[in-house]
Amino acid sequence: MNKVILMGRLTRDPDLRYSQSGQPVCRYSLAVNRSYKREGEPDADFINIVAFAARAEFAGKYFRKGMMVAICGELRVSSFDDRDGNKRWTTDVIVTDQ
């Protein structure tokens, strides 16, 4: 089972765009506080979120930087080649409920 539940604050306004086929895609990131703190380590994790279709349009219309939101989704790890031909990896949460 691949299920992620997060609650955090938006670090920036969502970026709503449309694919070549016209499908809405919205990207944003959440600052999620850690449940424990060690000296010298950050207090929060910054997690990339991607929403599609109606969820993307909802986030683009109603979400703003600093808002506290809760989402459910699936963790996805993807790879791509950058301009220099180096392989890059991304880890995103794909929204299934918000």
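The values are calculated or read from the model by the stated rules, or taken from the named source; none is laboratory data. Note that the structure is predicted; figures quoted are calculated from it, not measured. With ideal geometry, Cβ positions are generated from the backbone for all residues, glycine too; neighbour counts draw on all protein chains shown. In case anyone asks, the SASA skips ligands and DNA or RNA and just uses the protein heavy atoms, side chains included. Shrake-Rupley method; radii C 1.70, N 1.55, O 1.52, S 1.80 Å.
Structure above, values below:
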quantity: Every residue from segment 1-31 that is farther than 14 Å from ASP92 by Cβ and assigned to a strand (DSSP E or B); calculated: ILE5, MET7, GLY8, ARG9, LEU10, LEU16, ARG17, TYR18, PRO24, ALA31
quantity: Restricting segment 39-55 to residues that are acidic (Asp, Glu) and either at pLDDT 95 or above or assigned to a loop (DSSP other than H, G, I, E, B) (or both), the residue that is most open to solvent (accessible area, probe 1.4 Å); calculated: GLU39
quantity: Of all residues making up segment 30-82, the number that are among the charged types (D, E, K, R), farther than 14 Å from ASP13 by Cα and touching a strand residue (DSSP E or B) at 6+ places or on another chain (Cβ under 7 Å); calculated: 8
quantity: Exclusive hit being charged (D, E, K, R), open to solvent by 50 Å² or more (accessible area, probe 1.4 Å) and at pLDDT below 95, set LYS87, LYS65; calculated: LYS87
quantity: Residue list for segment 10-38, filter: open to solvent by 60 Å² or more (accessible area, probe 1.4 Å), of a type in the set (D, E, K, R) and within 18 Å of LYS61 (Cβ to Cβ); calculated: ARG12, ASP13, ARG17, ARG27
quantity: Flag if PHE58 is out of contact with any Leu (no Cβ under 8 Å at 6 or more places or on another chain), in a helix (DSSP H, G or I) and either without any contact (Cβ under 8 Å) to a residue 60 or more places away in the chain or among the hydrophobic types (A, V, I, L, M, F, W, C) (or both); calculated: yes
